[in-house]
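The values are calculated or read from the model by the stated rules, or taken from the named source; none is laboratory data. Nothing here was measured: the structure is a model prediction, and the numbers come from that model. Every residue, glycine as well, gets a Cβ built from its backbone with ideal geometry; the counts of neighbours run over all protein chains shown.
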């Protein structure tokens, strides 16, 4: 199982692998905001290569008259990998039971990988053929006010826009780091926590989503934005020397927008 990660070749004990898996999971969970506001399917396995989109291409020549042939269309999954290296001295210390192991290279890899995934979902990734929720939206983007106390009004306008388009809730707000700080640290005009006020408007949650710029309000009714996971994020082994062990975080996924009008961007 997961032999493609070559973990059995690494000079790392089973107990240390478990520690690394736990630490990676703890770091990834809060920053993978994009997958929390869309439909997540999978993981379907490393061998899963494409997403069926239910369409066919143009008619192609067939070797017999009176026969029509068309190829099924699909959306390829994209493999995403973030490499990093840990010092063997730190891994040895972990095997001895040290609690203060330097995992800063893992932190950096988590940041890079989560940024790519979040951006693909919400901003888009043209090179991989994925249109993000904000790019696909036909609604004019709204403008975020510098005054956080008025941000709730912008979110309410986005919710109204979706409702008028026939897109029901509940809704979620995916937001970049500066906006997250304003929302979680600010108060509304009545002195309540601003994020609580916004979540009441949405009927859903406010999600910190590193890797995007601005924010987006999306419907969470289901079926509008589809993220398909082949290999979910996992740790793999690449090589080692006397001083360090080269590792990586890897995943495969596709993303597609089914209902473009189910999102409103906030710049």
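Just checking, how many residues over segment 207-217 are surrounded by fewer than 24 Cβ atoms within 10 Å (Cβ to Cβ) and either part of a helix (DSSP H, G or I) or touching a strand residue (DSSP E or B) at 6+ places or on another chain (Cβ under 6 Å) (or both)? Selection size over segment 207-217: 2. Suppose we keep only residues that are under 30 Å from residue 176 (Cβ atoms) and not in a helix (DSSP H, G or I) within segment 101-126. Which one would you say is farthest from the chain's Cα centre (by Cα)? It comes out as 102. Across segment 244-267, the number of residues qualifying as modelled with pLDDT of 95 or more and not in a strand (DSSP E or B) comes to 5. Would you check if residue 98 is surrounded by fewer than 20 Cβ atoms within 10 Å (Cβ to Cβ) and in a loop (DSSP other than H, G, I, E, B)? Spelling it out, residue 98 is indeed surrounded by fewer than 20 Cβ atoms within 10 Å (Cβ to Cβ) and in a loop (DSSP other than H, G, I, E, B).
What do you reckon, is residue 182 at pLDDT below 95, surrounded by fewer than 22 Cβ atoms within 10 Å (Cβ to Cβ), in contact with a helix residue (DSSP H, G or I) (Cβ under 8 Å, 6 or more places away or on another chain) and more than 28 Å from residue 77 (Cα to Cα)? Answer is yes for this residue.
For residue 224, the stated conditions do not hold, so it cannot be described as in contact (Cβ under 8 Å) with a residue 40 or more places away in the chain, surrounded by fewer than 18 Cβ atoms within 10 Å (Cβ to Cβ) and within 24 Å of residue 80 (Cα to Cα).
Taken together, the residues in segment 34-79 that are over 24 Å from the mean Cα position of the chain (by Cα) and within 24 Å of residue 119 (Cα to Cα) amount to 0. Taking the criterion of being within 19 Å of residue 119 (Cβ to Cβ), in contact with a helix residue (DSSP H, G or I) (Cβ under 9 Å, 6 or more places away or on another chain) and surrounded by fewer than 17 Cβ atoms within 10 Å (Cβ to Cβ), would at least one residue in segment 8-22 satisfy it? Checked segment 8-22: no residue is within 19 Å of residue 119 (Cβ to Cβ), in contact with a helix residue (DSSP H, G or I) (Cβ under 9 Å, 6 or more places away or on another chain) and surrounded by fewer than 17 Cβ atoms within 10 Å (Cβ to Cβ). The residues on offer are 43, 11, and the sole one that is in a loop (DSSP other than H, G, I, E, B), modelled with pLDDT of 95 or more and in contact with a strand residue (DSSP E or B) (Cβ under 7 Å, 6 or more places away or on another chain) is 43.
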